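*Asks:* The following block contains the structure, expressed as structure tokens.
Just so it is clear, none of the values below were taken in a lab; they were calculated from the coordinates. Remember, it's a predicted structure, so these values are computed and weren't measured experimentally.
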Amino acid sequence: MIAGSARGRPLKGPPGRARGGASAVRPSSDLVRGALFDALSALGADFTHTLDLYAGTGALGIEALSRGGESCCFVEKDRAMAAVIRENLDATGFGDAAEVITAPAERAIGRLTGPYTLVLADPPYADSAAMALLERLAESAAIDSDFGTIAFEHSSREEPAADIGAFSLVRSLGHGDSSVSIYRPD
């Protein structure tokens, strides 16, 4: 379920989950998503142009659209999950405000138009390359260097980085095994 203008509309999950099967995708829980967006709103984050890296079901980017965002670019390497994102966009009425790139995040970087005012990154917890990718993105013109925000979800067993490029850690939220670290320009 999401909040905002699409409040209460359920989103489709990873294939296989409904039948008790396993999936490589670990969607952010409703609790974590709600806490993240409450924190982003309290910080005055701008949802206008969002980038949802490692998008999974698209729930984070759809939440940004539902809370007033104008556009969202979803990056997801798994074709089945990219199809789920498109279904969720259709179900919430945000299909026209979205672009779905089906490619690994590291390859999609060259196709990003930006500048994005919000970057949501929820990589697999074991992805050791995710932080380096966010560093590259932060050093590029893809993120609004004056008003941009980066939200990075990671394992609560990992200490958040103090900085991602010119973006400094301003808040970290922990919920069970998940933590979300929020970065803003210095």
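*Asks:* Along the principal axes of its C-alpha atoms, what lengths does the range 37-186 span, in descending order and rounded to whole Å?
*Replies:* Rounded to whole Å, the extents work out to 37, 32, 30 Å.
*Asks:* Expressed as a whole number of Å, what is the distance separating the alpha-carbon centroids of the range 142-186 and the range 81-118?
*Replies:* Using only Cα atoms to place each centre, the spacing works out to 21 Å.
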